[in-house]
Structures are given as C-alpha cells and as structure tokens.
1. Picking from ILE436, ILE462, ILE504, which residue would you name as being in a helix (DSSP H, G or I), more than 30 Å from ASN80 (Cβ to Cβ) and either touching a residue at least 12 places away in the same chain (Cβ under 8 Å) or hydroxyl-bearing (Ser, Thr, Tyr) (or both)?
2. Do you know which residues across the stretch 243-261 are touching a helix residue (DSSP H, G or I) at 6+ places or on another chain (Cβ under 7 Å) and more than 14 Å from TYR277 (Cβ to Cβ)?
3. Residue pairs, Cβ under 8 Å, 6 or more apart or interchain, first in the stretch 578-603 and more than 23 Å from PRO535 (Cβ to Cβ) and outside any helix (DSSP H, G or I), second β-branched (Val, Ile, Thr) and at pLDDT 85 or above. List them.
4. Would you mention how many residues in the stretch 87-122 are more than 21 Å from PRO441 (Cα to Cα), among the polar types (S, T, N, Q) and assigned to a helix (DSSP H, G or I)?
5. Looking at VAL371, VAL364, VAL331, which one is at pLDDT 85 or above, surrounded by 15 or more Cβ atoms within 10 Å (Cβ to Cβ) and farther than 20 Å from ILE115 by Cα?
6. Of the conditions (1) within 18 Å of the chain's Cα centre (by Cα); (2) not in a helix (DSSP H, G or I), THR84 satisfies every one except a single condition; which number is it?
7. In the stretch 25-38, which residues are modelled with pLDDT of 90 or more and in contact with an Asp or Glu (Cβ under 6 Å, 6 or more places away or on another chain)?
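The values are calculated or read from the model by the stated rules, or taken from the named source; none is laboratory data. Here the structure is a predicted model, which means the values were calculated and not measured. For neighbour counting, all protein chains shown are included, and Cβ atoms are generated from backbone atoms with ideal geometry for every residue, glycine included.
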Amino acid sequence: MSKQNNQSEFKPYVPASQNPPQFTWVAMIIGAVLAIVFGAANAYLGLIVGMTVSASIPAAVISMAVLRIIMKRTSILENNIVQTITSTGESLAAGVIFTLPALFIWQLEPSLTTIAIIALAGGILGVVLMIPLRRALIVKEHETLPYPEGTACAEVLHAGEEGGKGAKLVMGGLGIGAVFKLLTDAVKAFPSTVEWEIYKFKNAAIGMDTLPAMLGVGYIIGPRIAGIMFAGGVLGWLGIIPLISFIGDVAATPIYPGEVPISEMGFHDIWDNYLRYIGAGAVAFGGIMGLIKTMPTIISSFTGSIKGFSASGDTTDLRTDRDLPMSLIAVLTVIFMGILLFYPTINVGFIGAVLLFIFGFFFVTVSSRIVGVVGSSSNPVSGMTIGALIFISLTLSAIGQTGQAGAATAIIIGSVVCIAAAIAGDTSQDLKTGYIVGATPRWQQIAQLYGVLISSIVIGFILILLDNAYGFGSAELPAPQAVLMSMIVDGIMNGDLPWNLIFIGAAAAATVELFGIGSLPFAVGLYLPIHTTAPIMLGGLIRGIISRRTKNKDELDAKNERGILLASGYIAGEALMGVIVALAVTAGVAFPEETIFGPFVSLIAIGIVAWYLFHKSNKKPAK
C-alpha cells in the first residue's frame, strides 16, 4: 500500500487542510520550563532507583491547563508541541544519567561544556537519524505498531476538557513532594530515612526512605514490578548481608574489595563493599538477558526500519506529512560527528567515531521501532548500552587505548549511543502522537531539537550539583546503571573487578529468570538499599489495593490515571526541591545536622502522604 493511500485513509483529529498554531513562542516557553522540571525529575529519580518515568501525559495535562484555562488558547497542536519538547528533555536526562556519572565516579569531573556537547550530540543524532524512518514506522505501519505511550498521549490531548482537573493533581503532588523534601533535607524537621537492625541477627536490617517520590514510582510501575524489586532488597539485606557478616566474622584481615575486616563492618559498610558488586552483576545479567529476549524483535525492527530510508526521499505537499529536509539531517550528523572527533576534552578518535556511528545508527533504528511494539518503558536501552560498551571497550583495549583515558573514551561513546537510543524511542512516540492528532512532523522535529538543546544546557548543571551535594554511587544517589557501566569498562580496561561477587549476582539473577520472572527489576532491587525499594513497594501496594477493589475496567482506568498524575507530581516536586537543596549546599549554605523530631514522625508523615495518594486515586470518576 502506498504512503499516499495510508495518509488518505487515516483521519487525524485536525485535518491536513487546517493549520492551527503549533510551534509558538508560548509553546516554546512552557515546553522549556516543563522540560527542565521533568528532566531534573528524571535525572534525580534515575540516579536513586535506576529507572525513569514518562512525562508526556503530565506535561500534556499541565500544558492544557495553562493554555486552555489560563490563556484561553485552544489549539491541540500547540499543546502537542509542549509535550513534545517536555518529553524530549526528560528522555535526554534518562540517557545522560545512565552513563555520564561514571566519569564523576572516576573523579574526572567533566565540565559543563563537555557534558552539554556529549548530551547535545547524542540527542541530535537520536532525532535526525529517526526522521527518515517516520513514514515507514508511523505512517505505513500505523495499524501494526501501536506505540502505546504515543497513542495514550494523543487520547489525553483529544480529551482536553479534562486538563484542568488533571493539572490540579499534578500541581498538588508537585507541592507535596517539594515541601516534604524541604522539611527532610533543609529544615531537618524529621529524618528522610528510618531503619532498624533486626534483634539477634547481626547486620540484618530493614529500612525505609520516607520520600513521596518513591511512593510515586511504586504506584506508576504497579504492584508486580514493585514486589519483584522489593524481593531483591529482601534477599540482599535480610539474606546476603547477614550471611557475609556471619562468614566474614572469623576473618582477621580484610577480604577484597573491603579495606577493613568484615567483623568491623556494619550493614551499610557491607552493602558498600560487597553487596553493590553482587547487585551490579545481577543488573548486568538482567540487562543482557533483556537484550537477548528482545533480539528477535530487535532484528525484525532493524530490518523493518532500514527499509524506511529508501522511502525517506519522497516529497509531499500534505501539511501532516512534511519532514525536515534530508540535507539538514546530513549536515547536522556531519557537524556533531566532527565535534565528537575533534573537540579537545572529548576527542573520541577515528576508531571511536566509527564505533559511535555504527552503534548509534543501529540502536536508533532498533529503538525507534521496538518502542512501537513494547512501549518506551520496556525499551532495553540499558541492555543495548551494556552490549555496546563491552564491544567498544574490547576494541579500544585491543588498539592500545587503555587506562583512564581509554575508559573515559569508552564511556563518552557509550553515552552518546545511550542518549541517541533513548531520544529515538521518545521521538517515535511523539511523532505517533502527532500523527494521530494531525500535527506537522517538521514542527515536531524542530520542537524535539529545541528540547534537546534546552535540556543539554541544563543537565550538566544538575549532574554537577547532585554530585557535589550527595556523590554518585553513595547511599543517597546509588546511580545503579552508571556504577555498572563504570565497573564494566574499568574491569575490561584494568582487570581489577571482584569478578567472584559479580558472578554471584549474575547467578542470582539467572535463578530468578529460571522461575519465569524478569530479572532486571529484581537485580535493581538487589543493588539498591532496601530503604529505597520499601517505599516503592508501598506505592505498588496502594495501586494493587485500588485494582482489587475496583471491578469496572473503565472506572479502574480513570482511577489509575488520577493516581499516575498525582504520583508524577510527587516525583517532580521532590526532584525539583532536591536540586534546589543541592544548589544551596554547593553555595555553602549550612543546614542543621540534627533533626527536630525522630523517625516516628517520619513514618506518620509518609503515612499521610500515602493515604492522600490512595484517597485521591480511589475517588470514583464523575459521570
């Protein structure tokens, strides 16, 4: 079937014959603000729990409230541009935090300019390499590739009259998350973490971060994945840490990689010196296993996507089928490949540039199509990046680029590939939304490039602030993916990893896979402190209880949508205040050391926030 027939058969919400406002100054300003807010939220969230959430629907809801209710502007296409800019910004943040913190972990301290260039290069490549695939994936395969997040966002935009109500939930959650973070981290009204060592079981401990953002994550991912994550934490903190303590008590000397005898360690020390490596091994296995399981889809996605390049030269006068010109795509690709090749603090070299383009092109084409089948949340970007990093590190090592310089080059190349893959998946979802609502692809692609630019400028500032305030790889910011990437590259380049611990983690993840359970959520839970996964479990339980009590599917969908909007607000508000507090710490502001109230008040406070999430989510929708 021809492209023209596909285009004529499908009827978007806004016909091609109409041309309402799209890429306006108002959309640019609102989109930039939301891209920064949700980009910071995803950076903060990903560095704590190793996963990110989509901001498309919350951004669309807030945009509709501002444009429709406050400014009396009614263009659905203008709303679509705002959510396109926002989602591009948060996807770029996700790609950055999975990789670039490795440079901080190695004390290399990249500059704001270096981070911005790496992020911008990955983001631009992710957008422009996907553009030639749009007609093949979005138009010709409209009936076969659902692009779940893109379709859902289009439905939210179409039901624009609900925007005001939904925006109140997002903004209310944002306020709660921000105030809670202010009380715990700045005012020190009560501790943000509570923990108890279990009596008579040395170094067995249970704890909980009393943070609204973690409740929000649990609600969004649901009870099953939250439970699998918590199971990893239970095994680590009630099984492996006490076992290491019990066996290691007899050793009078340190056991590598520890620097003091295990008998002198508490449970936090054992997590830092041993369990983190076990968890990293599990995460590596889970990521690679996810890549293997999706390999048939990856192969079919690549072969299907590559055919799109043959049709990319077609031209059309139809407003809803105009892309950016191929000449601009080629120029942007050459410019940013040249910058990566010659910019002094990056300078990946000729071999590095070749590897970057090969992996970038391959994973952009794969990511663009695979999210149409499994959705962005199941896009195996971390698995792709692990696979790419292993090959890149081995190649660089073989040509003599070893040590810290070789490791840094590998991480930079891997970062660009990771960012490009994440952005390509997001670009595909946004273009699907635009196709359904009747947007002009060219304006969306410009909006995506604009979103990449805005987020690239800001993301380095956020990374440096968070590292200065908390430190990547610490209990406060575990940064699981970035730590794993640093371990993989360091192990290949220098060979000094505790491989026995990593293989133990891989074996644990393999056992979970044999039970037919996806091992990656379990592996992330094994790596993270149980303090982080406990509130995630609570958020998942809240959603599970609501699901059990609600029999009508339409009613349940409406309740879950309300809960997800409120949960997204919790995450964004806490993250925003976290960045502000980090800025204050970096500026030398001294906050109190001791809290005013004890952990019992923390439990009451998080209990109230959890009850509010349940109460607002469980309301019956108005008929």
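1. On the way: ILE436 fails: more than 30 Å from ASN80 (Cβ to Cβ); ILE462 fails: more than 30 Å from ASN80 (Cβ to Cβ).
Of ILE436, ILE462, ILE504, the one residue that is in a helix (DSSP H, G or I), more than 30 Å from ASN80 (Cβ to Cβ) and either touching a residue at least 12 places away in the same chain (Cβ under 8 Å) or hydroxyl-bearing (Ser, Thr, Tyr) (or both) is ILE504.
2. Taking the stretch 243-261 as the starting set, the residues that turn out to be touching a helix residue (DSSP H, G or I) at 6+ places or on another chain (Cβ under 7 Å) are 244-245, 248-249, 251, 255, 257-258.
Passing the criteria: SER245, GLY248, ASP249, ALA251.
3. Short answer, once both residue conditions are applied: PRO592/VAL187.
4. 2
5. Only one candidate qualifies: VAL364.
6. Of the numbered conditions (1) within 18 Å of the chain's Cα centre (by Cα); (2) not in a helix (DSSP H, G or I), the odd one out for THR84 is (2).
7. Within the stretch 25-38, just ALA27 meets the criteria.
Here's the yes/no breakdown for (1) under 15 Å from the mean Cα position of the chain (by Cα); (2) in a helix (DSSP H, G or I); (3) touching a residue at least 24 places away in the same chain (Cβ under 8 Å); (4) crowded, with 24+ Cβ neighbours inside 10 Å:
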| residue | (1), (2), (3), (4) |
| --- | --- |
| MET384 | yes, yes, yes, yes |
| ALA410 | no, yes, yes, yes |
| CYS418 | yes, yes, yes, yes |
| ASP426 | yes, yes, yes, yes |
| LEU449 | no, yes, yes, no |
| GLY473 | no, no, yes, no |
